[in-house]
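Here the structure comes first, spelled out in structure tokens, and everything after it is commentary.
The values are calculated or read from the model by the stated rules, or taken from the named source; none is laboratory data. The shown structure was predicted, so the numbers you read here are calculated from the model rather than taken from an experiment. Neighbour counts run over all protein chains shown; Cβ positions are idealised from the backbone, glycine included. The accessibility values were calculated without ligands, DNA or RNA, using every heavy atom of the protein model including side chains. Shrake-Rupley method; radii C 1.70, N 1.55, O 1.52, S 1.80 Å.
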Amino acid sequence: MYEEPETVEVPKQLDGADVLIETLKRHQVEVVFGYPGGAVLPIYDALHKNPIKHILARHEQGAIHAAEGYARVSGKVGVVIATSGPGATNLVTGIADAMMDSIPLVVFTGQVATTVIGTDAFQEADIIGITQPITKHNYQIKDVADLPRIINEAFHIASTGRPGPVVVDIPKNMATGMFVSTEDLIEEVNLPGYQPTTTPNFLQIQKAMKAISTAKQPLILAGAGVLFAQATNELVSFAEKYQIPVTNTLLGLGSIVGDHPLFLGMAGMHGTYTANMAIQTCDVLINVGARFDDRLTGNLAYFAPNAKVIHIDIDPAEIGKNVPTEIPIVADAKEALSALLEQDAPAGNTEEWKENLYAWNEEYPLFYEASEERGLLPQQVVELIHEYSNGDAIVTTDVGQHQMWTAQYYKFNHPHNWVTSGGLGTMGFGFPAAIGAQLAKPNAQVISIVGDAGFQMTLQELSLLQELRIPVKVIILNNECLGMVRQWQETFYEERYSQSLISVQPDFVKLAAAYDLKGYKIETFEEAKTILKEALASDEPVLIDCRVVQKECVYPMIPPGKGLHEMIGVKPE
């Protein structure tokens, strides 16, 4: 939630770079992630004179993904600095990722001087034009006097309503221009056109409670909005009060503990049979903070055919966008759930409904077929990681098979411990995000579960594990392929494995040694039990190469164009 920044005494005369750093201090920014270059040298010079911690990533993409991990775990705004041209364009994937997954970032990009903008100057790129579709808002500084106001607005916009990234583009002569003020850098944010609705409409709350109290088969779909609103206690209290089963979106995992009796598991393309069939057969679907994306719904023509839909979302643009909604509630999830809890409505009888769901759980559990002959399975690795970390670790992933296996088999005990790339599905996200998460929570155990392909996109950030001596555990589920691509080629393209098998790889143990880190290689289940237990108990950074079965697939699965009820792989063949 947005908090008014502190007053910070500043000198009477500053240049633009000093104003930037002083304003960051005013917003209690403790760490920034970045990479210097010519257009931001004045900013880095000002940073050198101040106590804000700077994390020098080895690539701008690593910097912004680390800032995403930091923001996701801490609840604070992640701050990134990069130079103009290629420095700024290297941030684009991370900006888009943060926009899709509602991660609050303020991204400062250098720019060529205003006198040469538009002349194709050295390292000039129109980052405002490039990022306009993938930011919540963006600014270019055209007068140094506007810097405090714009920075204050950027932090406010990024962290309120539905969170998201804001870009502030700073031409070099704006960083060196003089800012003269007799006042402290305090300016109240005044944005008449931006006033997010946080309090629910009382009549809509009453309508929702009437539908819920008369429902025979209600279901709660909890998304990341519950986590962003710090509403996990309210969610669980509401579910328990009315005995309503709960399913999560991918990004909503952790909003209810994984072993809660009302929790059905994740829904969607690789969700549990029970969760998906609960959506298909419920009579009231209560969506709290989820956006009904395609990987959740499957074919919309078949989605929740019997349900009256209640949709609680702070972003009104999401309500009714994909799924028709009978009872829309535009509000902060915490405010809406609190209002629902305050209603003195009778609870419906959901016992028969729950019994049916529990029967499905028994008949169609998640499964895999392990044997010594088959080799080490990725699901076994994830289950061991869960066991040895007691479900308490912060876990990050990239996108793909390893992401889905982690979502299925790691049962989170706490909110804000699951950091993954959902909407954009970014390879290379997980490892730098783990670095940011560890910096946000220095005393937490942080585990990055990655694929062998995605890890190679940002593995240069291993330097930071050594430099900062942060004890992130990197666990590669190495199947020597682009796992999800290979699975789709097996299932839908008659096993034509076009450019998805990776026959040449580095020796990851030697790679760890090159960075002066401890490395392990695991090839059997017995080795996994011994090495994972030892590695996860250590207080050092570790890289573990787990050689898992290449042809293992993620099941259940909703084929493209099918409904949630048309899952494949729900039982062993």
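Just a few scattered comments:
- Test for THR197: is it in a strand (DSSP E or B) and either closer than 25 Å to ILE95 by Cα or open to solvent by less than 20 Å² (accessible area, probe 1.4 Å) (or both): no
- Taking strands (runs of 3 or more DSSP E) as the structural unit, those lying wholly within segment 70-175 and holding at least 3 residues that are open to solvent by less than 10 Å² (accessible area, probe 1.4 Å) and closer than 15 Å to VAL40 by Cα correspond to 78-82, 105-111, 165-171.
- The residues of segment 427-439 that are open to solvent by 10 Å² or more (accessible area, probe 1.4 Å) and either under 19 Å from GLY225 (Cα atoms) or assigned to a loop (DSSP other than H, G, I, E, B) (or both) amount to a single one, MET427.
- Matching residues in segment 305-334 - criterion: being without any contact (Cβ under 8 Å) to a residue 60 or more places away in the chain, small (Gly, Ala, Ser) and in contact with a strand residue (DSSP E or B) (Cβ under 9 Å, 6 or more places away or on another chain): GLY320
- Only one of the numbered conditions (1) part of a helix (DSSP H, G or I); (2) open to solvent by less than 20 Å² (accessible area, probe 1.4 Å) is violated by LEU219, and that is (1).
- Residue, surrounded by the fewest Cβ atoms within 10 Å (Cβ to Cβ), within segment 176-191, restricted to residues that are of a type outside the set (S, T, N, Q), over 15 Å from ILE150 (Cα atoms) and modelled with pLDDT of 75 or more: MET178
- Qualifying residue in segment 335-349 (condition: without any contact (Cβ under 8 Å) to a residue 24 or more places away in the chain, closer than 21 Å to ALA211 by Cα and in a loop (DSSP other than H, G, I, E, B)): yes
- For segment 10-47, a residue qualifies if it is in a helix (DSSP H, G or I), open to solvent by 30 Å² or more (accessible area, probe 1.4 Å) and not hydroxyl-bearing (Ser, Thr, Tyr), and the qualifying residues are ASP18, LYS25, GLY38, LEU41, ASP45.
- All conditions in (1) open to solvent by 80 Å² or more (accessible area, probe 1.4 Å); (2) part of a loop (DSSP other than H, G, I, E, B) hold for LYS207, with the sole exception of (2).
- Total residues in segment 378-422, condition under 17 Å from the mean Cα position of the chain (by Cα) and not in a loop (DSSP other than H, G, I, E, B): 14
- For segment 458-467, filtered to residues that are surrounded by fewer than 21 Cβ atoms within 10 Å (Cβ to Cβ) and at pLDDT 95 or above, the residue that is farthest from THR396 (Cα to Cα) is GLU467.
- Segment 282-315: number of residues that are open to solvent by 10 Å² or more (accessible area, probe 1.4 Å), in contact with a Gly (Cβ under 6 Å, 6 or more places away or on another chain) and farther than 20 Å from THR198 by Cα: 4
- Odd one out for GLY375, checked against (1) within 26 Å of LYS551 (Cα to Cα); (2) free of Cβ contacts under 8 Å to residues at least 12 places away in the same chain; (3) assigned to a loop (DSSP other than H, G, I, E, B): (2)
- Looking at VAL395, VAL419, just one residue is without any contact (Cβ under 8 Å) to a residue 60 or more places away in the chain, open to solvent by less than 10 Å² (accessible area, probe 1.4 Å) and within 17 Å of ALA224 (Cβ to Cβ), and that residue is VAL395.
- Candidate set from segment 228-256 (those that are closer than 13 Å to GLN408 by Cα and open to solvent by 30 Å² or more (accessible area, probe 1.4 Å)); member that is nearest to the chain's Cα centre (by Cα): LEU251
- Pairs with Cβ under 6 Å, 6+ apart, first in segment 233-247 and closer than 16 Å to GLY348 by Cα, second open to solvent by 30 Å² or more (accessible area, probe 1.4 Å) and at pLDDT below 95: TYR242/ALA347
- Scanning segment 377-430 for residues that are at positive phi and touching a Phe, Trp or Tyr at 6+ places or on another chain (Cβ under 8 Å) yields GLY391, GLY428.
- Search result, residues across segment 227-247 that are under 26 Å from GLU355 (Cβ atoms) and outside any helix (DSSP H, G or I): GLN243, ILE244, PRO245, VAL246, THR247
- Unique match (being more than 23 Å from the chain's Cα centre (by Cα) and at pLDDT 95 or above) among ASN287, ASN306, ASN349: ASN306
- At least 3 residues being surrounded by fewer than 16 Cβ atoms within 10 Å (Cβ to Cβ) and under 26 Å from the mean Cα position of the chain (by Cα) is the threshold, and among the strands (runs of 3 or more DSSP E) wholly inside segment 471-556 not one reaches it.
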